[in-house]
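A.B. asks: Quick one: this structure, given as structure tokens, is what I'll be asking you about.
The values are calculated or read from the model by the stated rules, or taken from the named source; none is laboratory data. Keep in mind it's a predicted model, so treat the numbers as computed, not measured. Neighbour counts run over all protein chains shown; Cβ positions are idealised from the backbone, glycine included. With ligands, DNA and RNA removed, areas are computed over all heavy atoms of the protein, side chains included. Shrake-Rupley method; radii C 1.70, N 1.55, O 1.52, S 1.80 Å.
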Amino acid sequence: MTVSGSDLLEVRWPSGGELSIPLLWLRDSCPCPDCRVEQTQEKHFHLANLTSISAVKLDADEQGLCVQWSDGHKSYFERSFFESDYALPQRTWRAWSDDFLPGRYDFEAFQTNNGYAAQAISEFLETGVLIIENAPTEDKTLELMSKRFGPIREVLFERIHNVKVDPKGYNVAHTSLGLPPHNDFASYSWPPSVQVLHMLGNEAAGGNSTICDGWAVLEDFRRDHPQEFDVLCKVAVPFREFDEDNETYACEPIITLNPRGQVSLFRYSNQLMQIMDFRDPDTAVFYDAYHKLSRTLVNTKFSRSFRLNSGEMLVVASHRILHGREAITSSGYRHLQDAYFEHDNIRNMLTVLKRSHV
Ligand SMILES: [Fe+2]
Ligand SMILES: [Zn+2]
């Protein structure tokens, strides 16, 4: 007999209650030592080796379920196996309150005190932003953040990026112009998911840092403009960042949703967005939605502006939080470095820190 993934087994518990269990799921989930790698708890059994299967015999008692399979294999499942909810990890982010300001944490304590670092990271996972203060102002101090944030996510151009006013710079950040809210490297299919901006020296007037909770803006936008939101999830937009030695390019929608329909990546960069094909009928529709969203972004309660002083690091969850800079209005010394990390590694760090802290 051949089976399809939708075949169901009906199991009746002697004390009452029944379950409908997908047959292939049940075979694939067998917890026995032949079907798992005991040392690593990984799955060893591979469905691809199965051409046909059926359950010859089912024995359910109060403790669990025994299944005799047609190929001779036998599985035993504790009853609790069917009571687990197998839920995907839930996101814990929350939109900023009206009086929200980024949490501020001391660099030295963040580096050396596990409990303190765990508290900072928990807050970061909720709010998407942190300020680490009293950091050294030496070149490449950002390398030290690997201890808490995991390996640096390298991209082209530089491992640690330098942002100074520079007539040869490859990016508008190297001018004194203001930078509207954006995230970096929209020109990568997977842009860096965390960015740390470290101010080494800031004696120039103006140039306030700005941050904007992009996911919170998009939630409201989705409620107020559902059709436009949908367009921004579907129409691919070209982004490019390049210089003489580097060429990065991605053509992706502005909004990416996860399988639960939640925003998982907001890709927004006026400066890196490339010219779209005006002949494509989607372009006019896209531009209408993009215009509405862009107007919303410049005028939202979900943005903050503050001066980033020397020795301060601004950390942003950059698939969610957009950052920007007001125009620099004097020529004083100003040197910012930035580096990228990955959100998965930071979530992992919280788990590890909690383990070490108990
Ligand atoms: Fe940037
Ligand atoms: Zn097994």
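A.B. asks: Tell me, which cysteines of the chain are without a disulfide-compatible partner by the Cβ under 4.7 Å rule?
C.D. replies: 32, 66, 212, 233, 251
A.B. asks: Could you check which residue among 319, 73, 174 shows the biggest mean-square fluctuation in a GNM of the chain with a 10 Å Cα cutoff?
C.D. replies: 73
A.B. asks: On the accessible surface of the stretch 1-110, probed at 1.4 Å, how many percent belong to carbon and sulfur atoms? Each step should come with its number before you reach the end.
C.D. replies: Numbers: 3600 of 7220 Å².
C and S atoms contribute 50 percent here.
A.B. asks: Give the long-range amide H neighbours of residue 265: residues separated by 5 or more places, or on another chain, with amide H under 5 Å away, using H modelled in the peptide plane at 1.01 Å from N.
C.D. replies: 256
A.B. asks: Compute the helix-to-body angle for 281-297: its Cα long axis versus the longest principal axis of the chain, expressed 0 to 90° and rounded to tens.
C.D. replies: 70 degrees
A.B. asks: Pairs 164/301; 234/292; 43/354; 140/354: which exceed 19 Å Cα-Cα?
C.D. replies: Details: 164/301 29 Å; 234/292 16 Å; 43/354 27 Å; 140/354 28 Å.
Check vs 19 Å cut-off fails for 164/301; 43/354; 140/354.
A.B. asks: Additional query: Describe numerically, in nm with one decimal, the distance between label points set 7 Å from Cα along Cα→Cβ at residue 134 and at residue 147.
C.D. replies: 1.4 nm
A.B. asks: Near residue 79, within a Cβ-to-Cβ distance under 12 Å, what is the net charge of the other residues, with Lys and Arg +1 and Asp and Glu -1?
C.D. replies: Residues close to residue 79 contribute a combined charge of -4.
A.B. asks: Taking R0 as 22 Å, what FRET efficiency do you get between residue 10 and residue 71 from their Cβ-Cβ distance, rounded to the nearest 0.05?
C.D. replies: Plugging the Cβ-Cβ distance into 1/(1 + (r/R0)^6) gives 0.60.
A.B. asks: Right, something else. DSSP loop (so not H, G, I, E, B), at most 15 other Cβ within 10 Å: list which trypsin sites (Lys or Arg not before Pro) in the stretch 298-347 pass both filters. Working shown, then result.
C.D. replies: Numbers: sites: 301, 304, 307, 320, 325, 334, 347; in loops: 301, 307, 320.
Here the sparse-neighbourhood loop sites are 301, 307.
A.B. asks: Please give the charge dipole size of the chain, origin at the Cα centre, charges +1 on K and R Cβ atoms and -1 on D and E Cβ atoms. Round to the nearest 20 debye.
C.D. replies: Approximately 380 debye in magnitude.
A.B. asks: Let me ask something else. Calculated FRET efficiency, residue 282 and residue 174, Cβ-Cβ r, R0 35 Å, to nearest 0.05? Intermediate values should be presented prior to the final figure.
C.D. replies: Working: r = 33 Å, r/R0 = 0.95.
Efficiency computed from Cβ-Cβ geometry: 0.60.
A.B. asks: By how many degrees, between 0 and 90 and to the nearest 10, does the Cα long axis of helix 214-224 differ from the longest principal axis of the chain?
C.D. replies: 70 degrees
A.B. asks: Test of understanding: express the Cα radius of gyration of the stretch 103-166 as a ratio to 2.2 N^0.38 Å, with N the residue count.
C.D. replies: Computed over Cα atoms of the stretch 103-166, the ratio equals 1.22.
A.B. asks: Distance between the C-alpha centers of the stretch 318-358 and the stretch 232-294? Whole Å please.
C.D. replies: 23 Å
A.B. asks: Cα extents of the chain along the three principal axes, largest first, in whole Å?
C.D. replies: The Cα atoms of the chain stretch 81, 57, 43 Å along their principal axes.
A.B. asks: Of all accessible surface on the stretch 255-310 at a 1.4 Å probe, what whole percent is carbon and sulfur?
C.D. replies: 52 percent
A.B. asks: Which of 67, 172, 196 moves the most in a Gaussian network model of the chain with Cα springs under 10 Å?
C.D. replies: Top of the fluctuation ranking is 67.
A.B. asks: Related question: Measuring with a 1.4 Å probe in the full set of protein chains, what accessible area per residue, in whole Å², belongs to the chain?
C.D. replies: In whole numbers, the chain has 52 Å² accessible per residue.
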